[in-house]
Amino acid sequence: MSPLRSVPRPLCAAMLAAFCGHVHAQPVAPAGDTALTLGQVVVSGTAGGPLEARRVLSSVDILPTERIERQVVNNNWELFGQVPGVMLTQFGQGTTSGKFSMRAFNGEGEINAVKLLIDGVPSNSNDGNMPYIDLAPRLDIDSIEVVRGTNDPRYGLHNIAGNANILTRSGGNYLLGRATVGSFATRELQAAAGIEKDGLAQNYAVSLQRTDGYRDHANAENGSFSGKWFFTPSGGTSRFGLIARHYTATADEAGYLTRAQARANPDQSPAHNATDEDRRQVSQFALQGESELAERLFWTGQIYLNNLDDRRFVKFSAGASQQERLVAETHTGAATTLTWRAGKTAIGDVSVMGGVDVEHQDNRSQRYNTLAQVRQTQTRNQQFDFDTTGAFVQAVIKPLAGLTLTPAFRADRITGSYTNQLTGRVYDVNDYGTIKQPKFSAVYALSDAASVYGNWGRSFQVGVGTASYKVNQNADLSPSINEGWEAGIKFRPVAWLDGRIAAWRQTASNEARRKLNDPANDAENIGQTRRQGIDLQLNARPTRQLGLWVSTALQRSKILQPDSSLPASLGKEIDHVPHLLYNAGADYQASDALRLSAWVNGQTSYYLERSNTTGKFGGYAHANLSAAYRVSPAVNLEVQVRNLFDRYSEYVWWDGAQSLHAPGTPRSVYGSVAVKF
């Protein structure tokens, strides 16, 4: 479990520093800390409390409040476009709007390689997708913490290429509001409030949004609510609380176009998609606690419940049948950690953190062939329990001045059963055994201006859906082991400039992917794969008025040993993996009241399937502008232009016979009023 983000004021100084941190006006980080904050504000603090990812792990990026609250986006996954090395995939299909991915894993939904958390609560569906991501209203998000690579031992399932934790506001007294109107008849209202008194911290947030969409038959509306209630008993060394969140959305689906249709009229929605739509409800509840048990011993714990209810009607092409897809999932789990800060020992300064987590999934999946939403035949009726149990231990050892060593070990086990309710057959889960994942990181501070670091670790992939169970084989399958390393340098040669350059590689022993349109909900093997790349990040503030940032990710993927079903994929690239991701921008404080911003983000094109024979698509470059004016200390006005030059972009996939295209968002303009009390 991730340490809780912040605690009320009465906590003791050590705990307060560990959880809340201190804010500095310039990029400041202790020597040997390799986390980068994207922007002007960074959190730091004295050593105390549970071990934080940004202090322990060696490839961490933090997106702060200032870079989140002023973004105009329809879905929270779009916020991750500001994080270096993160790829956005825009499907543009109702509630299936898009997702983010990283480390050269694509966003197709076939391999979902990122563990998502909200305030430390696991928030993936069974297949690793992220329907829970919009549970946190954007005005309530305090920061986003992204950990890349295979060396984080805190999480097991879906933590293949890394994890992302959305951290919301906690404590404080405030009242915030934001109203936005703009292109495509977009209207959004957000409000957030914090009330803290006599040891009780209350935080509330709500968001309502409606839009006609940038294509025909793309109307959507959604709403979300979040409430947090945390109590700190007298003495201030513990905190306990409840989190409750709910999100509901209804959206039409514009559908996919042929290449000719997309070029002729990208705004159109084909007639065969006229009754396609999705209705989604997700809820999350969590009880969390933390306590300083002794002077150097800290505990955290949580129990949680996630619920997903999704009903989608979708027709992918004119020749295909419309499908009704029903998903109902209830996940319950618990996690606990202990942190012991031993202090000075014979081998140096030592801290140890260990934890245990469990999760039970009750998943139901049904599909029907339909005609204008009228059921014709049922093609799927599945119920499957999927249970995980994991444990980890991690030590932070500082044997020499400037040197930090972090050995870690994690182990997971999978249990469960699957019932095909169309046939009555029951299947056992694959016995994957104990999935062992050793990990190691090292950081050495060459000086106050530079630190070198390296990490190595293993993560794992197991089947999702019915691919986890012994349906078509007698012998048990082994998990696919992902082994990865990273080596880099973080530098701050002058007070106003910091950055990171790193090289990384990740290999998978026997990668598999979901068959997205398979009635059996099964998977297929890809084979042995390799992903590698180079990341470059720079943040600069050469003057008090000007802030600059740039990041690029060069990446390559390769199928080293293909599955026998597709031998032609030997040596080819994995589909939907662009070679280059980039973003760059500038903020200029023209006066005390006026702030101007400009940024560009983009990627190169990608292959559509593993034989690499159907062409490359998907490259784009978008320029964006915003201007914000502070009318008074409590009121801000902002205008934002996205895709300034109206550059065409699209998501493209291959259905086995043709490419299908989903045009991206054209130029759009939004105006916002934000109030803060």
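Looking only at the stretch 479-501, which residues are assigned to a loop (DSSP other than H, G, I, E, B) and either among the hydrophobic types (A, V, I, L, M, F, W, C) or over 30 Å from Ala442 (Cα atoms) (or both)? Even if it seems obvious, please write down each step before you answer.
Let us first name the residues in the stretch 479-501 that are assigned to a loop (DSSP other than H, G, I, E, B), namely 479, 495-496.
Across the stretch 479-501, the qualifying residues are Ala495, Trp496.
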Taking the stretch 486-531 and keeping only residues that are open to solvent by 50 Å² or more (accessible area, probe 1.4 Å) and of a type in the set (S, T, N, Q), one is left with Ser509, Asn510, Asn517, Asn525, Gln528
So which residues in the stretch 313-355 are within 28 Å of the chain's Cα centre (by Cα) and not in a strand (DSSP E or B)? Lys315, Phe316
Quick one: how many residues across the stretch 438-481 are of a type in the set (Gly, Ala, Ser) and open to solvent by 40 Å² or more (accessible area, probe 1.4 Å)? 3
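What number of residues in the stretch 616-640 are in contact with a strand residue (DSSP E or B) (Cβ under 7 Å, 6 or more places away or on another chain), over 18 Å from Thr552 (Cα atoms) and open to solvent by 30 Å² or more (accessible area, probe 1.4 Å)?
At the first step, the residues of the stretch 616-640 found to be in contact with a strand residue (DSSP E or B) (Cβ under 7 Å, 6 or more places away or on another chain) are 616-631, 634-640.
Those still in the list that are over 18 Å from Thr552 (Cα atoms) too: 616-617, 625-631, 634-640.
Filter once more, keeping what is open to solvent by 30 Å² or more (accessible area, probe 1.4 Å): 616, 625, 627, 629-631, 635-637, 639.
Qualifying residue count, the stretch 616-640: 10.
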Since Leu538 meets every condition but one in (1) under 24 Å from Ala35 (Cβ atoms); (2) under 24 Å from the mean Cα position of the chain (by Cα); (3) open to solvent by less than 50 Å² (accessible area, probe 1.4 Å); (4) not charged (D, E, K, R), which condition does it not meet? (3)
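Does Ser591 fit the bill of being under 20 Å from Asp655 (Cα atoms), open to solvent by 20 Å² or more (accessible area, probe 1.4 Å), out of contact with any Ser or Thr (no Cβ under 8 Å at 6 or more places or on another chain) and not in a strand (DSSP E or B)? Reasoning before the result, please.
Working: under 20 Å from Asp655 (Cα atoms): no; open to solvent by 20 Å² or more (accessible area, probe 1.4 Å): yes; out of contact with any Ser or Thr (no Cβ under 8 Å at 6 or more places or on another chain): yes; not in a strand (DSSP E or B): yes.
No, not satisfied.
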Candidates Gly348, Gly355, filtered to the one that is touching a Phe, Trp or Tyr at 6+ places or on another chain (Cβ under 7 Å) and touching a residue at least 12 places away in the same chain (Cβ under 8 Å): Gly355
Just to be sure I understand the filter: pairs with C-beta atoms under 6 Å, separated by 6 or more residues or on different chains, first member in the stretch 176-204 and under 19 Å from Val635 (Cβ atoms), second member acidic (Asp, Glu) and open to solvent by less than 40 Å² (accessible area, probe 1.4 Å). Which pairs pass? Thr180/Glu188; Ala192/Asp140
Every residue in the stretch 378-400 that is over 14 Å from Met353 (Cβ atoms) and either charged (D, E, K, R) or free of Cβ contacts under 8 Å to residues at least 40 places away in the same chain (or both), please. Arg380, Gln383, Asp385, Asp387, Thr389, Lys398
Scanning the stretch 612-647 for residues that are among the charged types (D, E, K, R) and assigned to a strand (DSSP E or B), the one farthest from Phe91 (Cα to Cα) turns out to be Arg630
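Would you be able to say whether some residue in the stretch 356-369 is assigned to a loop (DSSP other than H, G, I, E, B), open to solvent by 50 Å² or more (accessible area, probe 1.4 Å) and more than 30 Å from Pro519 (Cα to Cα)? Show your work before the answer.
So in the stretch 356-369, the residues assigned to a loop (DSSP other than H, G, I, E, B) come out as none.
There is no residue in the stretch 356-369 that is assigned to a loop (DSSP other than H, G, I, E, B), open to solvent by 50 Å² or more (accessible area, probe 1.4 Å) and more than 30 Å from Pro519 (Cα to Cα).
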Can you find even one residue in the stretch 91-103 that is in contact (Cβ under 8 Å) with a residue 40 or more places away in the chain and touching a Pro at 6+ places or on another chain (Cβ under 8 Å)? yes
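Scan the stretch 468-484 and give yes if some residue there is in contact (Cβ under 8 Å) with a residue 12 or more places away in the chain and either under 18 Å from Asp61 (Cβ atoms) or touching a His at 6+ places or on another chain (Cβ under 7 Å) (or both), otherwise no. Give the steps one after another, and end with the answer.
Filtering the stretch 468-484 for residues in contact (Cβ under 8 Å) with a residue 12 or more places away in the chain gives 468-472, 476-484.
Narrowing the set further to residues that are either under 18 Å from Asp61 (Cβ atoms) or touching a His at 6+ places or on another chain (Cβ under 7 Å) (or both) leaves 484.
Looking for residues that are in contact (Cβ under 8 Å) with a residue 12 or more places away in the chain and either under 18 Å from Asp61 (Cβ atoms) or touching a His at 6+ places or on another chain (Cβ under 7 Å) (or both), one finds at least one in the stretch 468-484, hence yes.
Every residue, every condition in (1) open to solvent by 10 Å² or more (accessible area, probe 1.4 Å); (2) in contact with a Leu (Cβ under 7 Å, 6 or more places away or on another chain); (3) under 24 Å from Glu188 (Cα atoms); (4) hydroxyl-bearing (Ser, Thr, Tyr), yes or no:
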| residue | (1), (2), (3), (4) |
| --- | --- |
| Gly120 | no, yes, no, no |
| Asn129 | yes, no, no, no |
| Leu135 | no, no, yes, no |
| Leu139 | yes, yes, yes, no |
| Tyr155 | yes, no, no, yes |
| Asn159 | no, no, no, no |
| Asn165 | no, yes, no, no |
| Arg169 | yes, no, yes, no |
| Tyr174 | yes, no, yes, yes |
Members of the stretch 156-168 that are in contact (Cβ under 8 Å) with a residue 60 or more places away in the chain and closer than 23 Å to Lys228 by Cβ: Ala164, Asn165, Ile166, Leu167, Thr168
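Enumerate the strands (runs of 3 or more DSSP E) found wholly within the stretch 388-458, keeping only those where 3 or more residues are modelled with pLDDT of 95 or more and within 26 Å of the chain's Cα centre (by Cα). Show your work before the answer.
Details: elements: 403-420, 425-428, 435-447.
Answer list for the stretch 388-458: 403-420, 435-447.
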Looking at Ser649, is it open to solvent by 20 Å² or more (accessible area, probe 1.4 Å) and either over 30 Å from Asn106 (Cβ atoms) or touching a Phe, Trp or Tyr at 6+ places or on another chain (Cβ under 6 Å) (or both)? no
Listing of strands (runs of 3 or more DSSP E) fully contained in the stretch 138-242 that carry 1 or more residues being farther than 30 Å from Ala104 by Cα: 174-182, 186-197, 200-211, 220-231
When Ala342 is run through (1) at pLDDT below 95; (2) open to solvent by 50 Å² or more (accessible area, probe 1.4 Å), the failure sits at (2)
Given the criteria outside any strand (DSSP E or B), surrounded by 14 or more Cβ atoms within 10 Å (Cβ to Cβ) and touching an Asp or Glu at 6+ places or on another chain (Cβ under 6 Å), does Glu609 qualify? yes
I'd like the full set of residues that are open to solvent by 40 Å² or more (accessible area, probe 1.4 Å) and more than 26 Å from Met130 (Cβ to Cβ), limited to the stretch 293-330. Leu293, Ala294, Glu295, Arg296, Leu297, Trp299, Ala318, Gly319, Ser321
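Take the residues in the stretch 660-672 that are out of contact with any Leu (no Cβ under 6 Å at 6 or more places or on another chain) and more than 16 Å from Val73 (Cβ to Cβ); name whichever of them is surrounded by the fewest Cβ atoms within 10 Å (Cβ to Cβ). So that I can check it myself, show each step before the final result.
From the stretch 660-672, those out of contact with any Leu (no Cβ under 6 Å at 6 or more places or on another chain) are 660, 662-672; that's our starting set.
Among the residues that remain, those that are also more than 16 Å from Val73 (Cβ to Cβ) are: 660, 662-663.
Values: Leu660: 20, Ala662: 22, Pro663: 24.
Among residues in the stretch 660-672 that are out of contact with any Leu (no Cβ under 6 Å at 6 or more places or on another chain) and more than 16 Å from Val73 (Cβ to Cβ), the one surrounded by the fewest Cβ atoms within 10 Å (Cβ to Cβ) is Leu660.
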Need the failing condition index for Lys572 against (1) surrounded by 18 or more Cβ atoms within 10 Å (Cβ to Cβ); (2) at positive phi, just the number. (2)
Can you tell me how many residues in the stretch 624-670 are without any contact (Cβ under 8 Å) to a residue 40 or more places away in the chain and among the hydrophobic types (A, V, I, L, M, F, W, C)? 9
List pairs: first residue in the stretch 529-548 and farther than 24 Å from Ile574 by Cβ, second residue open to solvent by 10 Å² or more (accessible area, probe 1.4 Å) and basic (Lys, Arg) anywhere in the structure, Cβ distance under 7 angstrom, at least six positions apart or on different chains. Gly547/Arg541
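The values are calculated or read from the model by the stated rules, or taken from the named source; none is laboratory data. The shown structure was predicted, so the numbers you read here are calculated from the model rather than taken from an experiment. All Cβ positions, even for glycine, are placed from backbone atoms using ideal geometry, and neighbour counts span all protein chains on display. Calculation scope for accessible area: heavy atoms of the full protein, side chains included, ligands and nucleic acids excluded. Shrake-Rupley method; radii C 1.70, N 1.55, O 1.52, S 1.80 Å.
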